[in-house]
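Below is one structure, written out as structure tokens, with a few remarks after it.
The values are calculated or read from the model by the stated rules, or taken from the named source; none is laboratory data. Keep in mind it's a predicted model, so treat the numbers as computed, not measured. For neighbour counting, all protein chains shown are included, and Cβ atoms are generated from backbone atoms with ideal geometry for every residue, glycine included.
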Amino acid sequence: MNKLLELGSARFEPGYWRGLRQPAMLVSLRLTRLEIGASALNRFDAIMDQVCPVQDEAILTPIPTLVADHPVLGRLLRLTLAILAKMQMPVMAGATAIKPDAQDSHDWVVGLPAISESIRAPQAAFRLVCSLMNELAAGKDFKPDALVAYMNKLAKQFRPLAPGGVNTLRFLQAAHELDIPWRHVANNVYQFGWGSRSRWLDSSFTDETSKISASLARDKVACAMVLRDAGLPVPKHQLVATAEQAVKVAEALGYPVVLKPANLDGGAGVVVGLRDAEAVERAFVDVAKLSKRILVEQFIEGNDHRVTVVKDEVLSVVARRPPGVVGDGIHTIRELVDQINTKRANQSEPLEPSVEQGGKPIALDEESLIWLRSKGLGLDSVVPIGVSVRLRGAANWSHGGTTQDVSRQAHPDNLELALRAVAALRLDVAGLDLLVPDITRSWRETGGAICEVNAQPQFTVATRHQQVLARLVCQKGRIPVVGVMLSREGNKRLESLVGPLERDGIRLYVASTALECHEALRHANVDAVIWQMDALPSPAGGMPFDRLSLAIYGQGLKAQSNPLLLTSIDSWSLDESADSNNLAERLRAYLKESSL
């Protein structure tokens, strides 16, 4: 018996295919027969439910209703999107399929969300899913464990090619939600927006982030020097080379102290609240495994706050608290930790940022025991009602710490301090760690210090990525794009606009092919694009733009057959013989106004 599904050729579509709002990989698919047994479909559903639960966000990614309802295609696309999501590929645009020949129900072209032509994850995932369906349709047994093994193999192969780090995929998701177009540039660099309104991001590094500034921020000694010279409060510290030297410096500064690498970000290797020589020596051994440049730093009493600054504006202030428990007079500290970890594991919906929340389980290790012993407690101690017990020094989310958005409560002096620090380092995006006893009161009154400044901050709250993008990318990154279908004479009149518009300070790009359109959108020195078309785009082809600012076409072209109108905000239908004299000037005025 022939296979149910036969895969054909695949090609990359860099534009917008059939409404997909990201690049697509187009795969030819033939259904050799139109009927498949219900038992095979039921087994496919059972396997899909086991390896990718229905509540997975990837399966809820949009698929057009007619395709989703197809007994075979709908299942293929849902599972393919779930596998791509497990590879950490962007799948926000969903997937779709069309019949190139409306009379033929066997042949289809499937559009899968993609990043670039060289990253062939969509084909690999779709091929795996089609193999599963073929095996089941042939009556063969296919165990879920085997599918999971294949999925893990693909994830291992393609995850290094997926958007890297905590930020990048979330920035792409934020761009989708904010209606900001995006494209892959190279490596982990992505472009958000078009032309002169576009920005490049690599995680939270931008095309305007100074290499000098980022280097200074990463070097904690150099960073403190810059901030101290700017008259800003920073803890006293000193570089040490040996454990013995670390103890001497700690004793000179006065216990408790902090040990940390001088050249690492993200809280890596930071040990807080060391209270004696033995603790310093033990911490030195651990920190030395990460870096040869080790700081012994004055411990600043106060609460840890991450202040996010973008383009000279404070976007958020988040209180970051170390893991701990609050006594109830009944349960031991160990039991209270177990309760917290169970609650976090069972939490399905994210809480509002203004609610204190923790995502990772609290780990009980040697550091936790040291903090407990400093208070005369142990894991089996029962703490009175309402008494808080700290379990770690640093307020790291990854070790069970909590976060709470306190932006509205932050005192203006504390916000000004953060802005001054980021400005002193000449950073465009930064995460500043501020230690103050009470964020609602001025640091000038309560004391406090800047712990460090991160030039490539990681944002753990999805809404933060939207805030950052909205601040970085003006007007959704969209420049005026005009689609034109006119006579040769009409096109020449529009080409004559280039010189006058450039004298007006508007850099115009006139494109006659889809390839030239893509080229125009890449360039940061393009303020507006005119796309001249000799013929209507193929119904099976992609558009270089998801949306046109304006469509201009001759009256001889029927509106109902014009795909330009389906994606345009405005349109002009022209009688070229009557409107030829004022067309160029009218369009010039339109572009001048739209490009401001």
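Could you check, for region 109-124, whether at least one of its residues is part of a helix (DSSP H, G or I) and farther than 22 Å from ARG170 by Cα?
Restricting attention to region 109-124, the residues satisfying the condition of being part of a helix (DSSP H, G or I) are 121-124.
With the extra rule that they be farther than 22 Å from ARG170 by Cα, the set shrinks to 123-124.
Scanning region 109-124 turns up at least one residue that is part of a helix (DSSP H, G or I) and farther than 22 Å from ARG170 by Cα.
Listed here are the residues, each with its yes/no results for (1) within 18 Å of ALA246 (Cα to Cα); (2) at pLDDT 90 or above.
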| position | (1), (2) |
| --- | --- |
| LYS289 | yes, yes |
| LEU295 | yes, yes |
| THR308 | no, yes |
| ARG320 | no, no |
| ASP328 | no, yes |
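Which one of these does SER116 not meet: (1) crowded, with 19+ Cβ neighbours inside 10 Å; (2) touching a Phe, Trp or Tyr at 6+ places or on another chain (Cβ under 9 Å)?
Failed condition: (1).
Would you say ALA217 is buried (at least 19 other Cβ atoms within 10 Å of the Cβ) and in a helix (DSSP H, G or I)?
Values: buried (at least 19 other Cβ atoms within 10 Å of the Cβ): yes; in a helix (DSSP H, G or I): yes.
Yes, satisfied.
Quick one: would you say GLN238 is in contact (Cβ under 8 Å) with a residue 40 or more places away in the chain, assigned to a strand (DSSP E or B) and out of contact with any Ser or Thr (no Cβ under 9 Å at 6 or more places or on another chain)? Talk me through it step by step, then tell me what you get.
On the way: in contact (Cβ under 8 Å) with a residue 40 or more places away in the chain: yes; assigned to a strand (DSSP E or B): yes; out of contact with any Ser or Thr (no Cβ under 9 Å at 6 or more places or on another chain): yes.
Yes, satisfied.
Quick check on ALA102: is it closer than 16 Å to GLY542 by Cα and either within 21 Å of the chain's Cα centre (by Cα) or among the aliphatic types (A, V, I, L, M) (or both)?
Details: closer than 16 Å to GLY542 by Cα: no; either within 21 Å of the chain's Cα centre (by Cα) or among the aliphatic types (A, V, I, L, M) (or both): yes.
In short, no.
With respect to ALA277, is the statement that it is under 38 Å from the mean Cα position of the chain (by Cα), hydrophobic (A, V, I, L, M, F, W, C) and under 26 Å from LEU364 (Cβ atoms) true?
On the way: under 38 Å from the mean Cα position of the chain (by Cα): no; hydrophobic (A, V, I, L, M, F, W, C): yes; under 26 Å from LEU364 (Cβ atoms): yes.
So ALA277 does not fit the description; no.
Hey, ALA82 hits all of (1) more than 28 Å from LEU548 (Cβ to Cβ); (2) of a type in the set (A, V, I, L, M, F, W, C); (3) in a strand (DSSP E or B) but one; which does it fall short on?
(3)
Which is of a type in the set (A, V, I, L, M), in contact with an Asp or Glu (Cβ under 9 Å, 6 or more places away or on another chain) and modelled with pLDDT under 95, of LEU419, LEU435, LEU472? Step through it out loud before you land on a result.
On the way: LEU419 fails: modelled with pLDDT under 95; LEU472 fails: modelled with pLDDT under 95.
It is LEU435.
Here are the criteria: (1) at pLDDT 95 or above; (2) under 17 Å from GLN475 (Cβ atoms). Tell me which single one GLU177 does not satisfy.
Of the numbered conditions (1) at pLDDT 95 or above; (2) under 17 Å from GLN475 (Cβ atoms), the odd one out for GLU177 is (1).
Here's a check for you: in region 447-460, which residue that is within 28 Å of the chain's Cα centre (by Cα) and not in a loop (DSSP other than H, G, I, E, B) is surrounded by the most Cβ atoms within 10 Å (Cβ to Cβ)?
Of the residues in region 447-460, the ones within 28 Å of the chain's Cα centre (by Cα) are 450-460.
So of that shortlist, the ones also not in a loop (DSSP other than H, G, I, E, B) come out as 450-454.
On the way: ILE450: 26, CYS451: 23, GLU452: 22, VAL453: 30, ASN454: 22.
That would be VAL453.
GLY139 versus (1) in contact with a helix residue (DSSP H, G or I) (Cβ under 7 Å, 6 or more places away or on another chain); (2) small (Gly, Ala, Ser); (3) assigned to a loop (DSSP other than H, G, I, E, B): which is the lone unmet condition?
Result: GLY139 fails condition (1) only.
State which residue pairs qualify: first residue under 20 Å from TYR16 (Cβ atoms) and inside region 85-108, second residue assigned to a loop (DSSP other than H, G, I, E, B) and among the aliphatic types (A, V, I, L, M) in any location, beta carbons under 6 Å apart, and separation of 6 or more residues or different chains.
MET89/ALA162; ALA93/LEU20; GLY94/ILE63; ALA95/ILE63; PRO100/ALA540
Matching residues to (1) outside the structural domain of SER131 (by TED's automatic domain parsing); (2) touching a Lys or Arg at 6+ places or on another chain (Cβ under 8 Å); (3) β-branched (Val, Ile, Thr); (4) buried (at least 19 other Cβ atoms within 10 Å of the Cβ):
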site: TYR16; (1), (2), (3), (4): no, no, no, yes
site: GLY19; (1), (2), (3), (4): no, no, no, no
site: SER28; (1), (2), (3), (4): no, no, no, no
site: SER39; (1), (2), (3), (4): no, no, no, no
site: MET48; (1), (2), (3), (4): no, yes, no, yes
site: THR80; (1), (2), (3), (4): no, no, yes, yes
site: MET89; (1), (2), (3), (4): no, no, no, yes
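Looking only at region 514-543, count every residue that is at pLDDT below 90 and farther than 23 Å from LYS592 by Cβ and tell me the total.
12
Would you call VAL129 under 27 Å from SER28 (Cβ atoms), among the β-branched types (Val, Ile, Thr) and in a helix (DSSP H, G or I)? Working first, answer last.
On the way: under 27 Å from SER28 (Cβ atoms): yes; among the β-branched types (Val, Ile, Thr): yes; in a helix (DSSP H, G or I): yes.
In short, yes.
MET225 is checked against (1) buried (at least 16 other Cβ atoms within 10 Å of the Cβ); (2) more than 21 Å from ARG392 (Cα to Cα) and fails just one. What number does that condition carry?
(1)
Just to check your reading of the model, which residue among ARG464, ARG373, ARG444, ARG408 is charged (D, E, K, R), under 27 Å from the mean Cα position of the chain (by Cα) and exposed (fewer than 14 other Cβ atoms within 10 Å of the Cβ)? Reasoning before the result, please.
Working: ARG464 fails: exposed (fewer than 14 other Cβ atoms within 10 Å of the Cβ); ARG373 fails: under 27 Å from the mean Cα position of the chain (by Cα); ARG444 fails: under 27 Å from the mean Cα position of the chain (by Cα).
That would be ARG408, the only listed residue that is charged (D, E, K, R), under 27 Å from the mean Cα position of the chain (by Cα) and exposed (fewer than 14 other Cβ atoms within 10 Å of the Cβ).
Just checking, how many residues over region 497-511 are outside any helix (DSSP H, G or I) and under 23 Å from SER568 (Cβ atoms)? Show your work before the answer.
Restricting attention to region 497-511, the residues satisfying the condition of being outside any helix (DSSP H, G or I) are 497, 504-511.
Of the ones still in play, those that are also under 23 Å from SER568 (Cβ atoms) are 497, 506-511.
Total meeting the criteria: 7.
Would you confirm, using the coordinates I've provided, whether ILE333 is closer than 23 Å to ARG464 by Cα, touching a strand residue (DSSP E or B) at 6+ places or on another chain (Cβ under 7 Å) and surrounded by 14 or more Cβ atoms within 10 Å (Cβ to Cβ)? Before the answer, list the steps.
Numbers: closer than 23 Å to ARG464 by Cα: no; touching a strand residue (DSSP E or B) at 6+ places or on another chain (Cβ under 7 Å): yes; surrounded by 14 or more Cβ atoms within 10 Å (Cβ to Cβ): yes.
Judged against the criteria, ILE333 is not a match.
Of the residues that make up region 247-258, is at least one in contact with a Leu (Cβ under 9 Å, 6 or more places away or on another chain), closer than 28 Å to HIS465 by Cα and surrounded by 21 or more Cβ atoms within 10 Å (Cβ to Cβ)?
No, region 247-258 contains no residue that is in contact with a Leu (Cβ under 9 Å, 6 or more places away or on another chain), closer than 28 Å to HIS465 by Cα and surrounded by 21 or more Cβ atoms within 10 Å (Cβ to Cβ).
Being under 27 Å from the mean Cα position of the chain (by Cα) and either part of a loop (DSSP other than H, G, I, E, B) or under 24 Å from ASP546 (Cβ atoms) (or both) narrows it down to one of MET48, MET92, so name that one. Steps first, answer last, please.
On the way: MET48 fails: either part of a loop (DSSP other than H, G, I, E, B) or under 24 Å from ASP546 (Cβ atoms) (or both).
Selected residue: MET92, the only one of MET48, MET92 that is under 27 Å from the mean Cα position of the chain (by Cα) and either part of a loop (DSSP other than H, G, I, E, B) or under 24 Å from ASP546 (Cβ atoms) (or both).
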